[in-house]
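Colleague: Sharing a structure here in structure tokens format.
Throughout, read-outs are computed from the coordinates displayed, never taken from laboratory work. Just so it is clear, the model here is predicted, and its values are computed rather than measured. Every residue, glycine as well, gets a Cβ built from its backbone with ideal geometry; the counts of neighbours run over all protein chains shown.
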Amino acid sequence: MTARSTPESAPDTAELLVERGDGVLTVTFNRPDARNAMTWAMYEGLYAACELADGDPGIRAMVLRGSGTKAFVAGTDIGQFAEFTSGSDGVAYEARITRVVNRLEDVDVPTLAAVRGYCVGGGLAIAAACDLRIGDDTARFGVPIARTLGNTLSANSLSLLVHHLGPARTLDLLLRADFLGAADAAAAGFLAEVCAPAELDDRVGAAAERLLGHAPLTMRATKELVRRMRRRLLVEDDDVVEAVFGSEDFAAAVSAFGSRTPVRWQGR
């Protein structure tokens, strides 16, 4: 809970919209035609928005949402993985994701993810780094990389899921490459509320308004202690990440993804 230097203006771009209003900073992932898949610029914009949230004393809560009805965030844009040439690129990528996700988790004010549609991969890590999540009944959560790209999560991202869902449900989610629906996510405690799509904006607005009336130091201290508990789970992971991102399977899956052709996993 230390002071940070921050930008004076909102990092607003076409792909990432940032808006101040009534004590709330709202960040909208704005690539609806790509299910709001994250580009490098969007990740950096989210980091800058977190800096802004902590640097403006008028901001008392932060809301993250996706544009359109199909997704909150459907992971990282797969096209960017075509640039990878070795396992070290995967290590650098996961370090980049960790930097942004941890910055979001470190935001001093309460953070709230408004989830409709798919919340996948990096999007699930972003939602998990928020303090609260409210979803409509179209919300779907997953990391189906065991049947799509054949890559791996970092220890940091995995620990966020274990922290919220427990090891058994996290293993089930990743090994079976399935999706957790809104009702099951609420039963697991991951979603604080589930509602009809037409009610989502009102529910999120009401939750943000409630947060604005609570003691900032109490909320900040609670967030800080929960963060410290979660990060005790972290282990070294560079060797694991490098081996998987440097594999023939991953290279073949990235190549096949755009053409929607099946991958024959070789385990190497």
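Colleague: Kindly provide the set of residues from the range 60-92 that are more than 29 Å from Gly181 (Cβ to Cβ), touching a residue at least 60 places away in the same chain (Cβ under 8 Å) and either assigned to a loop (DSSP other than H, G, I, E, B) or in contact with a strand residue (DSSP E or B) (Cβ under 8 Å, 6 or more places away or on another chain) (or both), ordered by number.
Modeller: Hits for the range 60-92 are Arg60, Phe84, Ser86.
Colleague: Further, regarding this structure: Keeping to the range 228-262, report how many residues are out of contact with any helix residue (DSSP H, G or I) (no Cβ under 7 Å at 6 or more places or on another chain), part of a loop (DSSP other than H, G, I, E, B) and closer than 14 Å to Gly87 by Cα.
Modeller: 1
Colleague: Do we find a residue being under 22 Å from Ala71 (Cβ atoms), part of a helix (DSSP H, G or I) and within 19 Å of the chain's Cα centre (by Cα) anywhere in the range 215-224?
Modeller: The answer is no, given that none of the residues of the range 215-224 is under 22 Å from Ala71 (Cβ atoms), part of a helix (DSSP H, G or I) and within 19 Å of the chain's Cα centre (by Cα).
Colleague: Asn36 versus (1) assigned to a helix (DSSP H, G or I); (2) crowded, with 23+ Cβ neighbours inside 10 Å: which is the lone unmet condition?
Modeller: Every listed condition holds for Asn36 apart from (1).
Colleague: Checking the structure you have, find out if any residue of the range 16-33 is over 30 Å from Cys195 (Cα atoms) and out of contact with any helix residue (DSSP H, G or I) (no Cβ under 8 Å at 6 or more places or on another chain).
Modeller: Scanning the range 16-33, I find no residue that is over 30 Å from Cys195 (Cα atoms) and out of contact with any helix residue (DSSP H, G or I) (no Cβ under 8 Å at 6 or more places or on another chain), so the answer is no.
Colleague: Among (1) touching a strand residue (DSSP E or B) at 6+ places or on another chain (Cβ under 9 Å); (2) more than 18 Å from Ser159 (Cα to Cα), where does Gly213 come up short?
Modeller: (1)
Colleague: A further question on this structure: If you scan the range 235-259, which residues turn out to be of a type in the set (D, E, K, R) and under 12 Å from Gly90 (Cβ atoms)?
Modeller: The answer is Asp237, Asp238, Asp239, Glu242.
Colleague: Pick from the range 76-102 the residues that are surrounded by fewer than 17 Cβ atoms within 10 Å (Cβ to Cβ) and among the charged types (D, E, K, R): which of them is nearest to Ala49 (Cα to Cα)?
Modeller: Once the filter is applied, the top-ranked residue is Arg99.
Colleague: Here's something else I'd like to know. From the list Ile145, Ile126, which one is β-branched (Val, Ile, Thr) and surrounded by 21 or more Cβ atoms within 10 Å (Cβ to Cβ)?
Modeller: After applying the criteria, what remains is Ile126.
Colleague: Give me the residue from the range 234-260 that is of a type outside the set (Val, Ile, Thr), surrounded by 14 or more Cβ atoms within 10 Å (Cβ to Cβ) and under 21 Å from the mean Cα position of the chain (by Cα) and, out of that set, farthest from Thr111 (Cα to Cα).
Modeller: Checking each candidate, the answer is Phe245.
Colleague: Here is a follow-up. Please verify whether Arg133 is surrounded by fewer than 23 Cβ atoms within 10 Å (Cβ to Cβ), closer than 23 Å to Asn30 by Cβ and within 12 Å of the chain's Cα centre (by Cα), treating the condition exactly as stated.
Modeller: In short, no.
Colleague: Additional query: Among the acidic types (Asp, Glu), surrounded by fewer than 19 Cβ atoms within 10 Å (Cβ to Cβ) and closer than 19 Å to Arg133 by Cα - does that describe any residue in the range 51-62?
Modeller: No, there is no match, as no residue in the range 51-62 is among the acidic types (Asp, Glu), surrounded by fewer than 19 Cβ atoms within 10 Å (Cβ to Cβ) and closer than 19 Å to Arg133 by Cα.
Colleague: Would you mind stating whether Asp172 is of a type in the set (Asp, Glu) and either closer than 23 Å to Ser255 by Cα or surrounded by 18 or more Cβ atoms within 10 Å (Cβ to Cβ) (or both)?
Modeller: So Asp172 does not fit the description; no.
Colleague: Could you please tell me which pairs satisfy a Cβ distance under 6 Å, a separation of 6+ or placement on different chains, a first residue in the range 216-238 that is within 21 Å of Leu132 (Cα to Cα), and a second residue that is of a type in the set (Asp, Glu)?
Modeller: Listed pairs, sorted by first residue: Arg220/Asp108; Arg227/Glu105.
Colleague: Return yes or no: is Glu224 more than 17 Å from Thr111 (Cβ to Cβ) and either of a type in the set (D, E, K, R) or surrounded by fewer than 14 Cβ atoms within 10 Å (Cβ to Cβ) (or both)?
Modeller: no
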